[in-house]
Amino acid sequence: MALELKSSDNKIFEVEELVAVQSETIKSLVEDGCADNVIPLPNVDSKTLELVLDWCKNHVDMKLDEEKLKEYEDKFIEVDQAVLYDLLLAANYLNIKDLLNRACQKVADMLKGKTPEQIRETLNIVNDFSPEEEEEIRKENLWAFEE
Amino acid sequence: MSEIIVSLSSNSDNREIDEYHDISSDSGSSGSNSSSSDSNSSGGNATDEQYTFGVPRVPLEELGQHPDYIPGCFQENHQIMDVSFELKNVKKIKFRKKQNAIKSRNGIDNLPDAILEHILSYLSTKDAVRTSILSKRWQYLWTSIPKLEFYEEEPDRKTMLMNFVQRALALRDSSNIKDFSLSCDVECETHRINSWISAVVKHKVQVLYLGLANFQESLELTPRLFTCESLKELTLSMFHYLKLPTTSVSFPSLKKLILMEVIFPDDNSTQQLFSGCPILEELFIIDCIWNNVKAVYIAPPMLRILHISDANENKDDLNADADGQNESNSCQVKIFGNSLESFSFSGDHLNDFCLLNSSSVVDASIEVFQRDDEDFYVDVQDAHHLYKLLDGLGNVEKLRLQVSSLEVLNYAEELFPLLPVFNNLTSLTLGSELPIEFSRLLTILRNSPCLDFLELAMGITYHGIYDSILDRVPSCLMTHLKTINIFGLSGDEKEIHAIKILLKIALVLKRISISFDAFDFECSGDIMKLKEISAQILSFPKGSSCSIFFC
């Protein structure tokens with residue numbers, strides 16, 4: 001059984017139902033009988049959707065081989081930040097738990113062991129605190145900041 | 001005194017503020033609490049409406065009426081936004097433009113709070129809290145992460161920890177705390193700790209770990225803990241009396257329970273505890289004190305995994321009048337294992353525990369070791385208990401038996417023929433202080449017709465004469481046994497002889513691994529001896545086409 005998914009930029013992807021239902025969102029559409037026509041996914045562009053579907057397909061194919069799957073996942077998640085965030089939003093919207101978790105883990109790994117300044121730089125976060133405000137936060141959360 | 005500042009955009013006269021606001025909507029530096037429905041305030045935020053900018057979900061003035069507010073806690077200074085920016089500053093405009101250029105259009109700040117919180121839950125709580133300093137958007141995100149873990153090893157930071165736990169729970173919005181872990185010294189803070197437990201119970205905690213030490217006053221855990229409906233997994237590690245409430249104990253969702261070093265106060269409450277877990281699947285009782293218990297039963301109908309550790313070092317520290325160990329010859333704790341699949345025991349005697357209805361057990365590990373003060377004293381009762389235990393484990397597929405001396409089996413010599421037949425046993429690991437004697441091994445093998453894997457942790461030895469005609473070769477050696485691992489060889493004659501016979505009669509053997517005890521071969525001259533023995537073993541005639549490995 002094949003399903004048709006349409007990305008935000010109007011590209012159509014044909015996928016096996018077994019692959020597509022890795023997304024809980026699509027799964028419930030199928031179960032409710034709303035998947036006969038093309039399923040529009042206005043929140044996911046074609047580039048991201050292609051990646052997501054690759055993830056889903058491999059998770060069906062390699063279901064029984066844990067080691068191989070882990071290898072695939074580790075390789076898959078080595079992407080630019082921009083792509084990573086698109087994947088996160090897509091996984092969230094399509095409700096694909098393992099992709100969401102793996103992507104979150106990846107971002108968390110980027111934060112581990114870094115100083116706030118380093119994190120800001122890596123993630124492009126603007127520091128909108130005044131030095132006094134920063135000091136206040138450090139004091140309030142002393143247990144976390146004191147080394 | 002803390003203040004909540006009104007959002008910037010309420011002042012729409014100042015164009016520059018609006019402009020600044022437009023851009024700053026991306027970086028989340030201003031905005032209002034989504035719950036206070038000031039819809040104008042988020043300005044030109046073009047992106048995701050799931051956004052809430054970095055503000056606490058509960059405005060401070062409402063905190064006092066908030067249902068989760070714990071009275072008497074740390075008052076916070078919720079300084080969120082400071083209107084006193086000099087926005088007419090040209091520099092700021094330039095800075096803002098530059099910011100806009102550098103910032104990726106698809107940055108981390110475009111993700112909704114829920115995803116950021118999910119990301120933070122993959123960090124340690126300390127690391128997650130540290131993100132509070134990244135920017136205003138991030139300042140309070142950590143207060144909503146579903147997983148909180150508090151422990152502190154540095155002795156001079158312990159007060160800091162306690163104060164922080166207080167703060168973390170006070171700042172919490174109504175979102176659930178899925179996983180809460182606290183390791184701390186109790187000292188005189190029993191009231192505070194109980195208030196925290198009540199708070200997490202209210203937040204529908206599912207996985208709870210409490211590691212409590214250093215009691216300077218008696219702790220009676222809040223009754224709210226013992227009726228927690230959401231709790232799925234509970235670990236209590238405390239060398240202290242487990243006083244249970246006089247009201248009932250009810251854990252309707254509890255699947256896994258781990259008790260460490262807990263002192264059971266009496267029969268009644270201990271029974272209450274175990275009876276209050278109707279869907280319990282996994283139970284771990286580690287080094288707990290049963291001195292005050294005369295008789296209880298443990299019978300959760302869905303119990304699959306049971307592990308009991310009974311090292312009893314702490315027992316001696318306690319009241320000397322509870323000298324139950326040596327006197328009791330009846331079981332204190334009767335376990336009904338109707339659904340039990342995995343059973344594991346590790347301790348210095350089996351006398352306190354009795355496993356009944358254990359025919360569903362598939363995987364069993366029994367380790368009975370020597371009490372320090374007794375040299376090779378073997379409790380006859382231990383032997384009886386061991387036989388009884390093994391009798392009930394007749395359906396087991398995997399068995400690990402580590403006893404201080406397999407000679408313990410000899411103490412009840414008359415029972416040896418009554419050793420059950422293990423019809424499903426495919427994997428057997430035997431260990432003891434002394435090497436297993438060959439004829440004993442054969443007896444066990446005769447009772448294990450399907451044995452595929454055999455491991456001898458402490459070597460093998462040979463007393464007496466093996467007559468291939470008179471002694472029935474165990475059928476598993478002829479049809480099933482494919483792998484043998486022997487550890488701890490010392491290289492003496494009797495040992496080699498036993499291996500020689502084994503190689504001859506194991507007809508379907510594929511692989512045998514032999515490992516020498518490093519202790520016995522320490523000197524350099526011994527390397528030669530090792531090589532000699534290995535060569536000798538390799539030269540023995542084999543009844544199979546197995547490979548011999550030396551490690």
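The figures follow:
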| item | result |
| --- | --- |
| Those residues of segment A:1-31 which are of a type outside the set (Asp, Glu), free of Cβ contacts under 8 Å to residues at least 60 places away in the same chain and assigned to a loop (DSSP other than H, G, I, E, B), in sequence order | A:1, A:7, A:8, A:10, A:11, A:21 |
| Residue among B:529, B:510 that is more than 30 Å from residue B:397 (Cβ to Cβ), surrounded by fewer than 18 Cβ atoms within 10 Å (Cβ to Cβ) and either of a type in the set (D, E, K, R) or at pLDDT 85 or above (or both) | B:529 |
| Selection within segment B:525-539 - among the polar types (S, T, N, Q) and free of Cβ contacts under 8 Å to residues at least 40 places away in the same chain | B:534, B:539 |
| Any chance residue A:60 is free of Cβ contacts under 8 Å to residues at least 40 places away in the same chain, over 17 Å from residue A:12 (Cα atoms) and surrounded by fewer than 17 Cβ atoms within 10 Å (Cβ to Cβ) | no |
| Residue check, residue B:459 closer than 21 Å to residue B:547 by Cβ, at pLDDT below 85 and not acidic (Asp, Glu) | yes |
| Conditions (1) touching a helix residue (DSSP H, G or I) at 6+ places or on another chain (Cβ under 7 Å); (2) outside any helix (DSSP H, G or I); number of the one not met by residue A:34 | (1) |
| Residue within segment B:145-152 that is more than 9 Å from chain A (Cβ to nearest Cβ), of a type in the set (D, E, K, R), touching a residue at least 12 places away in the same chain (Cβ under 8 Å) and surrounded by fewer than 21 Cβ atoms within 10 Å (Cβ to Cβ) present | yes |
| Qualifying position, being buried (at least 16 other Cβ atoms within 10 Å of the Cβ) and more than 7 Å from chain A (Cβ to nearest Cβ), among B:123, B:171, B:134, B:111 | B:171 |
| Residue under evaluation residue A:105, criteria (1) touching a helix residue (DSSP H, G or I) at 6+ places or on another chain (Cβ under 7 Å); (2) within 7 Å of chain B (Cβ to nearest Cβ), criterion not met | (1) |
| One residue from B:187, B:149, B:220 being at positive phi and of a type outside the set (Gly, Ala, Ser) | B:187 |
| Given (1) in contact with a Lys or Arg (Cβ under 7 Å, 6 or more places away or on another chain); (2) under 27 Å from residue B:396 (Cβ atoms); (3) surrounded by fewer than 20 Cβ atoms within 10 Å (Cβ to Cβ), number of the condition residue B:443 does not satisfy | (1) |
| Filter result for the condition that a residue is within 8 Å of chain B (Cβ to nearest Cβ), of a type in the set (S, T, N, Q) and in a helix (DSSP H, G or I), over A:127, A:58, A:92 | A:92 |
| Any hit, segment B:496-509, residues being outside any helix (DSSP H, G or I) and among the β-branched types (Val, Ile, Thr) | yes |
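The values are calculated or read from the model by the stated rules, or taken from the named source; none is laboratory data. Keep in mind it's a predicted model, so treat the numbers as computed, not measured. All Cβ positions, glycine included, derive from the backbone under ideal geometry; neighbour counts span all protein chains shown.
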